[in-house]
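Read the structure below first, then the notes.
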Amino acid sequence: IVDMVARRLPGRYGFDPVEDIQVLSPMHKGETGVVNLNALLQERLNPFRKSFPEIRYGNWVYREGDRVMQIRNNYDRMVFNGDIGRIEKIIPAMGIIRVCFDEPVEYSVSELDELVPAYAISVHKSQGSEFRCTVMPVTTQHYIMLKRNLLYTAVTRARELAVMVGDTKALAIAVGNDQVSERYTSLEERLKS
């Protein structure tokens, strides 16, 4: 997946690996989960460089050029859950990170819990978004999430190209599983009242 995003797709189709390609994973944990893929992709696409500032927050190191996602609505800044941007400036002495969404937005270190890495995101978080190219791991490791509607969501996020990486057994499981989890919302009762 990392080689495909960093080298193969840009070489074959001219995609920018950070701007045009979005990795979508069914789950956060595991070898092909969001957390691990973000670490691997950052190391390949935006590795540590002595002359570039970075800030550590929690288990993540934020670097200039990183792709990040806002994970809660912030009406003061007009940045909303699911918005994806790039870190354009880090000022470590002041503890400030400037992220360019549609407009630049500044965060202090204490506000970094609003941002997560976004080289890879969950299929769930991608709903409502669109990308030039998507890459999705489809492995039996994500067995519990392999459902037709999840696969459909991932494929329909791509404007030009959707790539699935994995094995045919996992793909067959997802295509064959049309079970939708029952939701208990009390919607029917609310509509009647």
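Descriptive notes on the structure:
- Using the empirical formula 2.2 N^0.38 Å as the baseline, the Cα radius of gyration of region 90-180 reaches a ratio of 1.42.
- The chain - share of DSSP beta bridges that are antiparallel (%, nearest 5): 60
- Spacing of the two label points (7 Å from each Cα toward its C-beta) at H28 and Y75, in nm: 2.6
- Between A172 and D113, the simple label model (points 7 Å from Cα in the Cβ direction) yields a spacing of 4.6 nm.
- Summary value for region 90-193: 23 percent relative contact order, contacts being C-alpha pairs under 8 angstrom separated by 6+ residues.
- Taking the Cα centre of the chain as reference, the dipole from Cβ charges on Lys and Arg (+1) and Asp and Glu (-1) amounts to some 440 debye.
- Residue-averaged [θ]222 nm for the chain, counting only DSSP H segments that reach four residues, each worth -39500 (n - 2.57): -6000 deg cm²/dmol
- For the cross-link pairs K50/K125; K50/K89; K29/K50, the ones whose C-alpha atoms lie over 25 Å apart are K50/K125; K29/K50.
- For region 13-75 versus region 82-153, the inter-centroid distance based on Cα atoms is 7 Å.
- Modelled spin-label separation between I96 and T185, with each label point placed 7 Å from Cα along the Cα-to-Cβ direction: 4.3 nm.
- A Förster radius of 45 Å combined with the Cβ-Cβ distance from E88 to R148 puts the calculated FRET efficiency at roughly 0.70.
- Scaled against 2.2 N^0.38 Å for its residue count N, the alpha carbon radius of gyration of region 21-103 is 1.15.
- Kirkwood analysis of the chain, using all unique Cα-Cα pairs, places the hydrodynamic radius at 17.9 Å.
- The order of the peptides 29-41, 8-20 by mean Cβ neighbours within 10 Å, most packed first, is 29-41, 8-20.
FYI, it's all coordinate maths here, none of it is from the lab. Predicted, not measured: the structure shown is a model, and the values here were computed from it. Every residue, glycine among them, receives a Cβ derived from its backbone with ideal geometry; neighbour counts consider all protein chains shown.
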